[in-house]
Amino acid sequence: MITVPEFKTRKQQDQKISMITCYDASFARVLAESPIDALLVGDSSVMTMQGYDSTVHATPESIEFFVASVARGAAGKKFIVADMPFLVTRKSREHLVDVAGRFLRAGAHAVKIEGIHGNEDGVRHLVESGIPVMGHLGLTPQFANAFGGMKVQAKNVAEQEQLLADARAFEAAGAFSLVLECIPGGIAGRVTEALTIPTIGIGAGTVTDGQVLVLQDMLGMNPGFKPKFLRHYAKLHEVLTDAFTRYHQDVMQGQFPSAKETYQSDLKAVSPAPNDGPALKEVYSS
Ligand code: KIV
């Protein structure tokens, strides 16, 4: 399992880092057997798993629930990062520390925080308390209302200078890595070069130190969602629709289950009951 210090070593040795979102034990079990480095229990979980239209609906309880599920499935084999839900960093230091502590006790190894403005002290305090922090800049979905929607960020020079300053501020506060979301490849490259901590891109081009994708998106579960940066590594929507349709047809036509898929009962006399005559015990054979 990759560790916090190894994130930096990977960058120094020019080795990439792979991360993918995960929200349940079933997928975590599969991912535990894969070479993927890290699992992100992102706040996109409330959209993917709970059907909300925005990540602002994530709560400490929902993320804690998903972290615990993923940790049970991953069985100690994967580095797990938990997203800080909307507004948790803004209430108080006590609340932030309490929520981060809950996530680590649920099985996370680090937390991810969107945006650095006003969060510098919180990040520093978590890091000094033994809670590793991954930063997140660029298109930070918790700020979608402020951005006027889910739009590519840092497109002009002023925004790019600001992004670079924010990335440096995350590093200075002690973050061990930084997610860069939906920004032009050129500025992602500048940030990556400027930092000693690794950058992990999603829609941030080719030169970041690692990549992250949302699991359901990269598996093609929602074929209508195909932003420029997304690659479908499977056509799971088609595969699943086909499986569900064939199952339905088999049930309708009485072809599922078959005799081979049916338990047979094999009734055998086991021992005569002393007073009540012979007793029968049912023995099920598979
Ligand atoms: O919640 C999430 O899925 C994320 C990734 C997009 C980085 O934060």
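The values are calculated or read from the model by the stated rules, or taken from the named source; none is laboratory data. All of these numbers come straight from a predicted model, not from anything done at the bench. Counting neighbours? That spans all protein chains shown, and the Cβs are built from the backbone with ideal geometry, glycine included. Surface areas here come from the heavy atoms of the whole protein model, side chains and all, with no ligands, DNA or RNA. Shrake-Rupley method; radii C 1.70, N 1.55, O 1.52, S 1.80 Å.
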Around Gln153, what is the net charge, scoring Lys/Arg as +1 and Asp/Glu as -1 over all other residues with Cβ under 15 Å from its Cβ? -1
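Take the residue pairs Lys78/Lys226; Lys11/Lys112; Lys11/Lys235; Lys8/Lys151; Lys16/Lys77 and return only those whose Cα atoms are more than 21 Å apart.
Details: Lys78/Lys226 28 Å; Lys11/Lys112 19 Å; Lys11/Lys235 32 Å; Lys8/Lys151 30 Å; Lys16/Lys77 19 Å.
Going by Cα-Cα distance, Lys78/Lys226; Lys11/Lys235; Lys8/Lys151 fall outside the 21 Å limit.
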Overall Cα dimensions of the stretch 95-231 - principal axes, largest extent first, Å: 40, 36, 29
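As an exercise, use a Förster radius of 30 Å and the Cβ-Cβ distance of Leu87 and Glu128 to find the FRET efficiency, rounded to the nearest 0.05.
The formula returns an efficiency of 0.85 here.
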Å² of accessible area per residue within the chain, as computed with a 1.4 Å probe and no ligands counted: 54 Å²
Keeping the other protein chains in place, figure out the carbon and sulfur percent of the accessible area of the stretch 4-218, with a 1.4 Å probe. 54 percent
Looking at Thr196, Leu240, Tyr52, which one has the Cα that reaches farthest to the positive end of the dipole of the chain (charges on Cβ: Lys, Arg +1; Asp, Glu -1)? Thr196
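Please get the size of the charge dipole for the chain, origin at its Cα centre, with Cβ charges of +1 on Lys and Arg and -1 on Asp and Glu, quoted in debye to the nearest 20. Intermediate values should be presented prior to the final figure.
Working: 27 positive and 31 negative charges, 76 e Å.
Using Cβ point charges on Lys, Arg, Asp and Glu, the chain gives about 360 debye.
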For the peptides 251-262, 74-85, what is the packing order when you average, over each peptide's residues, the other Cβ atoms within 10 Å and list the highest mean first? 74-85, 251-262
Local charge sum around Lys112 (other residues, Cβ-Cβ under 14 Å, Lys/Arg +1, Asp/Glu -1)? -4
Would you be so kind as to identify which of Gln160, Gln142, Leu104 lies farthest towards the positive end of the dipole of the chain, taking Lys and Arg as +1 and Asp and Glu as -1 on Cβ and the Cα centre as origin? Gln160
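Which of the trypsin sites (Lys or Arg not before Pro) found in the stretch 214-259 are in a DSSP loop and have at most 13 neighbouring Cβ atoms, other than their own, within 10 Å? Can you show the working numbers first?
On the way: sites: Lys228, Arg231, Lys235, Arg246; in loops: Lys228, Arg231, Lys235.
When the trypsin sites (Lys or Arg not before Pro) of the stretch 214-259 are filtered for loop state and at most 13 Cβ neighbours within 10 Å, Lys228, Arg231 remain.
Would you rank Leu87, Leu139 by solvent-accessible area, highest first, keeping every protein chain in place and using a 1.4 Å probe? Let's see the in-between values first.
Values: Leu87 90, Leu139 5 Å².
Solvent-accessible surface, decreasing: Leu87, Leu139.
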What distance in nm separates the two pseudo spin-label positions at Asp98 and Lys228, each 7 Å out from Cα along the beta-carbon direction? 4.3 nm
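For a distance above 24 Å, tell me the whole-number percent of Cα pairs in the chain that qualify. Numbers along the way, then the final one.
On the way: 22865 of 40755 pairs.
So the portion of pairs separated by more than 24 Å is 56 percent.
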